[in-house]
Amino acid sequence: MHNDLIAARQSLYDDMQQLHLAPLWASLHTLVPKEPTPPYVPALWRYEDILPHLHRAGELISAEEAVRRVLVLENPALPGRASITQSLYAGLQLILPGEVAPAHRHTQAALRFIVSGRGAYTAVDGERTIMHPGDFIITPSWTWHDHGNPGIDGHTEPVVWLDGLDIPMLRFFDAGFAENGEETIQHVARPEGQSYAAYGNNMAPVKQQHATLNSPVFNYPYARTREALETLRRTQAVDAWHGVKLRYINPLTGGSPMPTIGACMQLLPKGFRGQRHRSTDGTVYNVVEGSGSVTIANTRFSFVPHDTFVVPSWATVAFDAPEDVVLFSFSDRPVQQAMGLLREAFLPD
Ligand code: GTQ
């Protein structure tokens with residue numbers, strides 16, 4: 001290209017910049033890429049590495065002072081952003097015996113996936129639920145919530161869970177609001193188990209079945225999920241990509257339990273060697289049972305129970321399970337589906 005033309009163009013760009021104008025043609029290919037080019041990377045966090053730091057935090061700050069005592073799992077390529085993918089946040093929360101995490105609410109939606117320990121509860125809009133390892137619990141947008149660890153049957157132990165929130169998504173939309181409760185521990189308005197009795201048994205109250213954006217079930221107990229996966233692995237063909245995989249639903253709609261985050265549980269039977277697949281929803285996994293490995297793009301990660309890993313948008317993923325493996329996962333899939341953007345591909349052998 002003629003030097004004069006190069007100089008003239010540069011001069012135009014410099015003058016434009018004063019007016020906060022930019023030439024589209026210089027960046028069109030990155031603005032509208034042929035396929036996703038996520039700025040974040042595959043990563044795995046070993047529970048064994050995190051736990052000592054979580055307990056050190058437990059010695060240095062109370063749950064009440066911290067409000068939420070959480071170690072945030074930051075994507076290595078997004079430091080300081082409290083993001084594990086571009087849209088999602090993940091963190092490991094610890095609550096020690098006798099502690100309370102005070103009541104508040106915010107427009108950010110949360111899920112809890114219980115990793116370890118018994119005897120803690122979470123309360124959501126007036127109802128408590130005891131958390132058991134493997135339970136999937138939702139705290140929908142703008143619901144009051146507090147957590148406590150009084151122990152169970154006279155026994156107390158630390159309780160750890162994985163928090164998944166849509167914090168980066170709400171930051172993108174500038175739609176975040178929050179407020180603290182007047183009381184540290186919210187008033188219990190309904191007995192434990194009421195919402196599950198009303199909506200968790202493939203039935204719904206005859207006079208109140210209007211569907212809402214959020215599931216009326218707020219604890220999906222692991223015992224039921226595990227039993228379903230076990231029955232299916234014995235009675236149906238195992239999917240070559242997913243093993244046996246179920247998604248959590250809002251029983252009144254069949255859609256995801258919350259509008260911004262979808263979640264699944266899958267069982268990979270011993271000896272499973274999964275084929276590669278990919279999708280546009282970057283996904284966070286937590287290992288519930290079993291050891292194995294996952295290959296994300298060209299990197300292989302070995303995992304053991306309680307480890308967490310993230311698969312970026314459009315990165316290929318394939319699992320290897322030398323023993324029975326159970327994986328929990330969550331992503332922004334319902335948002336992409338609502339916008340007609342979700343794409344996935346199942347690659348042949
Ligand atoms: O438990 O309410 O990990 O508000 C981040 C923000 C947990 C919670 C987090 C929160 C919470």
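Every read-out reported here was derived from the displayed coordinates using simple, explicitly stated rules and does not represent laboratory data. Keep in mind it's a predicted model, so treat the numbers as computed, not measured. Cβ sites come from the backbone with ideal geometry, for glycine too, and all protein chains shown count toward neighbours.
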> Local charge sum around GLU344 (other residues, Cβ-Cβ under 11 Å, Lys/Arg +1, Asp/Glu -1)?
Replying inline: +2
> For the residues TRP314, TRP45, what sequence is obtained by ranking on other C-beta atoms within 10 Å, fewest first?
Replying inline: TRP314, TRP45
> How many nm is it between the label spots at GLU182 and HIS210, if each spot is 7 Å from the Cα in line with the beta carbon?
Replying inline: 2.6 nm
> By count of other Cβ within 10 Å, fewest leading, how are SER291, SER256 ordered?
Replying inline: SER291, SER256
> Taking H as built 1.01 Å from N, whose amide H comes closer than 5 Å to the amide H of PHE136, not counting residues under 5 places away?
Replying inline: TYR220, TYR222
> If the cut-off is a Cα-Cα distance under 12 Å, which aspartates and glutamates reach LYS270, setting aside same-chain residues fewer than 8 apart in sequence?
Replying inline: GLU289, ASP320, GLU323, ASP324
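Scanning the chain for trypsin sites (Lys or Arg not before Pro) in DSSP loops with at most 14 other Cβ atoms within 10 Å, what's the longest stretch left with none?
On the way: sites that count: LYS34, LYS207, LYS270, ARG343.
Of all site-free stretches, the longest is 35-206.
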>> Test of understanding: in a Gaussian network model of the chain with alpha carbons linked when under 10 Å, which of ASN214, ASN149, ASN180 would top the mean-square fluctuation ranking?
In response: ASN180
> PHE346 versus SER302, label points 7 Å from Cα toward the beta carbon: distance in nm?
Replying inline: 3.1 nm
>> So if a site counts as exposed when it's one of the GluC sites (Glu not before Pro), its DSSP state isn't H, G, I, E or B, and it has at most 12 other Cβ atoms within 10 Å, what's the longest stretch of the chain without one?
In response: 1-181
> Label-point separation (nm) for GLN194 and ALA223, each offset 7 Å from Cα along Cα-to-Cβ?
Replying inline: 2.2 nm
> Out of the stretch 221-289, which chymotrypsin sites (Phe, Trp or Tyr not before Pro) are coil in DSSP terms and have no more than 13 other C-beta atoms within 10 Å?
Replying inline: none
>> Within the stretch 225-252, name every residue whose backbone N is under 12 Å away from a label modeled 7 Å from Cα of GLN275 along the Cβ vector.
In response: 239-243
